[in-house]
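The values are calculated or read from the model by the stated rules, or taken from the named source; none is laboratory data. All values reported here derive from a predicted model rather than from experimental measurement. Glycine also receives a Cβ, built like all others from the backbone with ideal geometry; neighbour counts cover every protein chain displayed.
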């Protein structure tokens, strides 16, 4: 049986500052995997996504640039 995801992620602290709602479009398989993990760990998919984003930001807070750039598409290329 896999490790409980909530043991590796601290519950995000209650918001002190104003929060905003945002949305993302995910591939269907990624959404299904997030939902399955959330269900298995008795948390919401929103909690999982929030925790992952907070962890990512904390781990990369000292970096000015991240290796996330998409390849540049040349004009005229389809």
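Within the set of pairs 6+ apart or on separate chains, which have a first residue in the stretch 25-36 that is free of Cβ contacts under 8 Å to residues at least 24 places away in the same chain, a second that is surrounded by 11 or more Cβ atoms within 10 Å (Cβ to Cβ) and not in a loop (DSSP other than H, G, I, E, B), and C-beta atoms under 7 Å apart?
34/45; 34/48; 34/49; 35/45
Among the residues of the stretch 16-32, which ones are surrounded by fewer than 13 Cβ atoms within 10 Å (Cβ to Cβ) and part of a helix (DSSP H, G or I)?
28, 29, 30, 32
Looking at residue 35 and the list (1) at pLDDT 85 or above; (2) outside any helix (DSSP H, G or I), which single condition is not satisfied?
Answer for residue 35: the failing condition is (2).
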